[in-house]
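**Q** Please read through the structure below; I'll follow up with questions.
The values are calculated or read from the model by the stated rules, or taken from the named source; none is laboratory data. Owing to the predicted nature of the structure, the values given are computational and were not obtained by experimental measurement. Cβ coordinates were reconstructed from backbone atoms using ideal geometry, including for glycine residues, and neighbour counts include every protein chain displayed. Ligands, DNA and RNA are stripped out before the accessible areas are found, and what is left, the full protein with its side chains, is counted by its heavy atoms. Shrake-Rupley method; radii C 1.70, N 1.55, O 1.52, S 1.80 Å.
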Amino acid sequence: MNLVDHYNELYQNAVRKIKSDEYSMDNFIDSPVDKRRGITLLIRPNNPIKKNIQNFLDDLSNNDPNQYYQPDSDIHMTVMSIISCYNDFNLQSICISDYINLIEKSIKSERKIEINFKGITASPSCIMIQGFFHNNTINEIRDNLRTNFKKSALQQSLDLRYSLQTAHLTVVRFKQPLINKGNYLQVMENYRDYNFGTLTTDTINLVYNDWYQRKKFTKELYKFKIK
């Protein structure tokens, strides 16, 4: 996949939808009865990257404070959604050690993960930071996970919604009609090619989470080191 073309296509389509008021709003973010839970393999950006992201979110919030802006603690890049969130999933229904062992076999690599977070893209429902791989480590890990889980009998939903090939960070979700829409789109355009920073890491986290990866609902299950 050509990530530049993919992100650009997403962005142009989202801008058209926003301008014509065809964007989508998430009605579950503030719902006290949202019980969707799952387990996810993810990476968290470092503090300098998060600081740059918060500057972007502050600029957006100054024009429209009524949207959902991801706090530092929740910002993440999904390596793979192992069990996509669904109502009333609980950890007691699976054996975590089996998942840890299988994932451990899947993440062996001689190279650390390197991702440059540069520019923003969007969908009709959210705004994302674009991620670009410096090497193929993440894609190799994803392919290994697909192969190993396919051979196992473990509950999983890899690629159930779509085949994950990007390295984006979702940082804004629309939850109310946009105000100051013109100014909001201009802020997005101002950050279209902004360099948020480069992440180099050998750490991947397995977590139990809600749909939005909110800290109060997230439990770290295991921290993997790339070997």
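**Q** Applying the selection to segment 137-167, what residues are among the hydrophobic types (A, V, I, L, M, F, W, C), at pLDDT 85 or above and not in a helix (DSSP H, G or I)?
**A** Listed by number, the residues that qualify are L154, A167.
**Q** Quick test for you: out of Q130, Q54, pick the one residue that is under 30 Å from K17 (Cα atoms) and touching a residue at least 60 places away in the same chain (Cβ under 8 Å).
**A** Matching residue, one of Q130, Q54: Q130.
**Q** Related question: Kindly indicate whether any position in segment 214-221 is over 24 Å from G131 (Cα atoms) and not in a strand (DSSP E or B).
**A** yes
**Q** Residues in segment 116-130 that are touching a strand residue (DSSP E or B) at 6+ places or on another chain (Cβ under 8 Å) and either closer than 25 Å to F28 by Cβ or of a type in the set (S, T, Y) (or both): how many?
**A** Residues flagged as touching a strand residue (DSSP E or B) at 6+ places or on another chain (Cβ under 8 Å) and either closer than 25 Å to F28 by Cβ or of a type in the set (S, T, Y) (or both) within segment 116-130 amount to 8.
**Q** Looking at segment 8-40, which of the residues that are in a loop (DSSP other than H, G, I, E, B) and touching a strand residue (DSSP E or B) at 6+ places or on another chain (Cβ under 6 Å) is surrounded by the fewest Cβ atoms within 10 Å (Cβ to Cβ)?
**A** Out of the qualifying residues, it is K35.
Here's the yes/no breakdown for (1) of a type in the set (V, I, T); (2) under 18 Å from the mean Cα position of the chain (by Cα); (3) open to solvent by less than 20 Å² (accessible area, probe 1.4 Å):
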position	(1), (2), (3)
S93	no, no, no
L102	no, no, yes
I127	yes, yes, yes
F133	no, yes, no
N144	no, no, no
F149	no, no, yes
